[in-house]
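Inspection log for the structure reproduced underneath, given as structure tokens.
The values are calculated or read from the model by the stated rules, or taken from the named source; none is laboratory data. What you see is a predicted model; the values in this text were computed from it and never measured. Backbone-built Cβ (ideal geometry, glycine too); neighbour counts: all protein chains shown. Ligands, DNA and RNA are excluded from the accessible area calculation, which covers all protein heavy atoms including side chains. Shrake-Rupley method; radii C 1.70, N 1.55, O 1.52, S 1.80 Å.
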Amino acid sequence: VPHDALGVGIGWCGPAVLQHGSEDQQERLLPGLLRGDEIWCQMFSEPGAGSDLAGLKTRATPDGDEWVLNGQKTWTTFAQHSDWGLCIARHDADLPKHRGLSAFIVDMAADGVECRPVKQMTGSQNFNEVFLTDVRVSDDNRIGDVGEGWGVVITTFLWERINLLAGGERILGGLQEFIGSRGQHASPEIRDRLVDLYVRAEVIRFSTMRLLTAVSGGGLPGPEGSTLKLMSTSTLSDIYELALDAMGPEAMLSPDVAPGHGEWHAGFLGMPGLRVGGGTDQIQRNIIGDRVLGLPPDIRVDKDLPFREVPGA
Ligand SMILES: Cc1cc2nc3c(=O)[nH]c(=O)nc-3n(C[C@H](O)[C@H](O)[C@H](O)COP(=O)(O)OP(=O)(O)OC[C@H]3O[C@@H](n4cnc5c(N)ncnc54)[C@H](O)[C@@H]3O)c2cc1C
């Protein structure tokens, strides 16, 4: 199991349960997560619903004190290792798309849950397609009220954006050591780029601390999480690019024999994914334009239509 598999649960699914779950659910679900005994995944995206997540089609049909889930999720990080999945499904297609959603905790070992890992260009298999066929979920595992699914999505994303890229200064520290070990720290160009990265990493570190202080009283992170995500992804991209530039022609070696034993190559190849996961760069800019700068919001012609009348629903 990859060492970072606990991040999805502790970093963003757990806070969503804290915010929206009942006391019983918090007592039942959170200790195993915090002890590292249980791994969680986030089952939101679908083949036709990524940026426009509220257009998702997985159905939740009530049946006594249970729900029956049917549909397909995709890009589900670490689903193949997970014990629990935080899943958003549509309980009512007659409501507008954001209002007909509910959140559930799915036992990933339940009958009808099938994970198919997807191979990435880094060679790893972190993502999965997850097929849900008549998966039964007890109503005790519904997080929040019926119809509160979109609120759970927003909470999860807000925490994901500030946790996804935590630790940038540690990676930069590793780069400084790597460059020092190659005797390149005297190069004026490399020094310039390192100083620029150091300043940006410090701005991110202090901004994150300010945000965490603001939410430590129990509030939610706001749209500043989008600013942090944009700053973090561009800074991390530049860190990995400098590592590969510093290697010169050796960067073309296959990762197992290249300097750094492939660590910098894996980071570099993983960066396009980080600019997409948790909401793409473009979506972060939309949020900043709309909620911080007060610009006219994105046009959403289907926002108030009953979901079943939305073309392609
Ligand atoms: C590393 C990684 C990990 C992930 N992990 C998970 C996970 O664990 N669970 C999960 O549920 N999902 C996960 N995802 C999926 C991720 O949330 C989606 O890929 C993301 O939301 C984008 O959706 P999409 O891929 O369908 O792209 P689309 O939504 O189809 O977007 C395609 C392009 O159009 C642009 N675009 C779309 N709408 C707009 C708009 N309104 N304005 C401007 N531009 C727009 C986008 O920015 C993008 O460039 C992960 C993805 C990655 C890369």
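So what J values fall out for region 258-270 if you push phi through Karplus, 6.51 cos²θ - 1.76 cosθ + 1.60 with θ = phi - 60°, rounded to Hz, Gly and Pro as x?
6, x, x, 6, x, 4, 6, 5, 4, x, 4, 6, x
Rg to Rh for the chain: what is it, with Cα atoms only and Rh by Kirkwood?
1.00
Roughly how many Å² is the accessible area per residue of the chain, as a whole number, for a 1.4 Å probe?
Dividing the accessible area of the chain by its residue count gives 50 Å².
Work the Kirkwood hydrodynamic radius out for region 165-276: mean of 1/r over every pair of different alpha-carbon atoms, inverted, in Å.
Over region 165-276, the inverse of the mean reciprocal pair distance is 15.1 Å.
Which residue fluctuates the most in the chain, going by a Gaussian network model with Cα springs under 10 Å, if the choices are 71, 48, 219?
Evaluated over the chain, the most mobile residue of the options is 219.
Please find, in a Gaussian network model of the chain (springs between Cα atoms separated by less than 10 Å), the residue of 212, 164, 30 whose mean-square fluctuation is greatest.
212
Considering only lysines 8 or more places apart in sequence, or on different chains, count the pairs in the chain whose C-alpha atoms sit under 21 Å apart.
Qualifying lysine pairs in the chain: 6.
Net charge around residue 69, counting only other residues with Cβ within less than 13 Å of its Cβ (Lys, Arg = +1; Asp, Glu = -1)?
Around residue 69, the charge tally is -2.
Could you check what % of the DSSP bridge pairs in the chain are antiparallel, to the nearest 5?
85
Roughly how far apart, in whole Å, are the Cα centres of region 235-272 and region 185-212?
After rounding, the separation between the Cα centres reads 19 Å.
Using a Förster distance of 25 Å, how high is the FRET efficiency between residue 216 and residue 23, based on the Cβ-Cβ distance and rounded to 0.05?
0.75
Rounded to whole Hz and in sequence order, give me ³J(HN,Hα) for region 137-152 from the Karplus expression 6.51 cos²θ - 1.76 cosθ + 1.60, θ = phi - 60°, writing x for Gly and Pro.
Result, rounded to whole Hz: 10, 5, 4, 4, 9, 7, 9, x, 6, 4, x, 9, x, 5, x, 5.
Charges only on Cβ, +1 for Lys and Arg, -1 for Asp and Glu: so what's the dipole of region 3-153 about the Cα centre, in debye to the nearest 20?
Roughly 660 debye for region 3-153.
Taking Cα pairs under 8 Å and at least six residues apart, what relative contact order does region 174-313 come out at, in percent?
Taking the mean separation of contacting Cα pairs over the length of region 174-313, I get 21 percent.
Using only Cα atoms and rounding to the nearest 10 degrees, what angle (0 to 90) does helix 188-215 make with the longest principal axis of the chain?
30
Give the long-range amide H neighbours of residue 83: residues separated by 5 or more places, or on another chain, with amide H under 5 Å away, using H modelled in the peptide plane at 1.01 Å from N.
When sequence neighbours closer than 5 places are left aside, the close amide H contacts are 39, 40.
Roughly what angle does helix 23-35 make with the longest principal axis of the chain, taking Cα atoms, 0 to 90 degrees, to the nearest 10?
The two axes meet at around 30 degrees.
Specify the angular offset, from 0 to 90 degrees and rounded to the nearest 10, of the alpha carbon long axis of helix 168-181 from the longest principal axis of the alpha carbons in the chain.
Between helix and principal axis, roughly 30 degrees.
With a cut-off of 8 Å between alpha carbons and a minimum separation of six or more residues, what is the relative contact order of the chain in percent?
17
In the chain, carbon and sulfur make up what percent of the accessible area (probe 1.4 Å)?
Roughly 54 percent, rounded to a whole number.
Going by the alpha-carbon gyration tensor, a ≥ b ≥ c the square roots of its eigenvalues, is region 83-166 rounded (a/c under 1.5) or, if a/c is not under 1.5, prolate (a/b greater than b/c) versus oblate?
Judged from the Cα gyration tensor, region 83-166 comes out oblate (a/c at least 1.5, b/c at or above a/b).
If you build a Gaussian network model of the chain, linking Cα atoms that sit under 10 Å apart, which residue out of 138, 124, 226 swings the most?
Result for the chain, Cα springs under 10 Å: 124 fluctuates most.
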